[in-house]
Amino acid sequence: MKLEIDDKSLQTINSDDLFLLVVRPIALRMHSGKGPEHKYDVYKSLTDGQRAAFMYWVLHSHAADTMQFYTWIPYMRSTETDYWNQLKKGLQLIDCGEMLQFMDNCDGVFSSLEHAKLDWKAFTPSDLDEPKLKQRIENLYLRLKELSPKTTAHIGRYIKANIHDFANVV
């Protein structure tokens with residue numbers, strides 16, 4: 001599933017916009033079908049680079065605030081979805097070292113939580129009523145917000161450098 005882009009647009013588009021131009025059609029296609037089989041089929045049809053960009057978008061778009069971040073990370077880390085491992089694999093491909101370090105830090109915090117052995121549904125917003133936990137999660141969330149613009153730009157540059165994995169240039 002590659003988009004078409006003309007060479008002039010490719011030369012003038014900034015990295016952030018290129019990232020969104022590539023990811024949006026994938027997201028729309030993912031949500032156009034019913035059931036996990038459809039999403040799996042769409043995901044498997046993507047190139048490794050498209051998967052990397054899409055999985056980063058999944059993290060980035062589902063962490064709008066501290067509470068959402070706190071409940072989304074366990075879902076991504078669950079064996080039920082395997083999103084976390086897919087994101088790590090993608091970030092390794094694109095060489096996003098800082099974001100990979102951030103993910104390792106998240107692993108340390110979330111795996112150390114008492115209910116980490118339960119499924120992802122055990123993480124609830126009311127957990128953040130505990131001040132120390134709230135501070136740890138806020139620190140991680142703020143770090144994500146700090147890294148997000150750099151990571152998005154890095155992925156956009158990767159897309160431009162490897163455009164044929166993402167688009168047909170016309």
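The values are calculated or read from the model by the stated rules, or taken from the named source; none is laboratory data. Everything numeric in this text was worked out from a predicted model, so none of it was measured. Counting neighbours? That spans all protein chains shown, and the Cβs are built from the backbone with ideal geometry, glycine included. In case anyone asks, the SASA skips ligands and DNA or RNA and just uses the protein heavy atoms, side chains included. Shrake-Rupley method; radii C 1.70, N 1.55, O 1.52, S 1.80 Å.
The table below lists the values:
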| item | result |
| --- | --- |
| Förster radius 22 Å - calculated FRET efficiency between Lys145 and Lys39 (Cβ-Cβ, nearest 0.05) | 0.25 |
| Accessible area of the chain belonging to carbon and sulfur atoms, whole % at 1.4 Å probe | 52 percent |
| Phi-based couplings in Hz for the range 163-170 (Karplus 6.51, -1.76, 1.60; Gly and Pro marked x) | 4, 6, 7, 10, 8, 9, 8, 10 |
| Of Glu146, Glu130, Glu138, the one that fluctuates the most in a GNM where the chain has Cα springs shorter than 10 Å | Glu130 |
| Surface accessible to a 1.4 Å probe, per residue, for the residues of the range 2-161, Å² | 54 Å² |
| Nearest-0.05 FRET efficiency for Ser111 and Leu3, computed from C-beta distance (R0 41 Å) | 0.65 |
| Top of Val58, Val23, Val109 by mean-square fluctuation, Gaussian network on the chain, Cα under 10 Å | Val109 |
| Euclidean distance between Cα centres, the range 18-61 to the range 75-100, Å | 14 Å |
| Relative contact order computed over the chain (Cα-Cα under 8 Å; 6+ residues apart), in percent | 40 percent |
| Filtered trypsin sites (Lys or Arg not before Pro), the range 1-84: DSSP coil and at most 16 other beta carbons within 10 Å | Lys2, Lys34 |
| Kyte-Doolittle mean at least -1.0 and Cα axial length at least 30 Å: DSSP H helices in the chain | 131-161 |
| Choice from Pro125, Pro25, Pro36 showing the highest fluctuation, given a GNM over the chain with Cα pairs closer than 10 Å | Pro36 |
| Listed pairs Lys88/Lys145; Lys34/Lys89; Lys8/Lys145; Lys88/Lys132 exceeding 29 Å between Cα atoms | Lys8/Lys145 |
| Estimated FRET transfer efficiency when R0 is 25 angstrom, pair Asp16-Asp119 (beta carbons, to 0.05) | 0.10 |
| Within-15-Å neighbourhood charge of Trp84 [Cβ basis; K, R +1; D, E -1] | -1 |
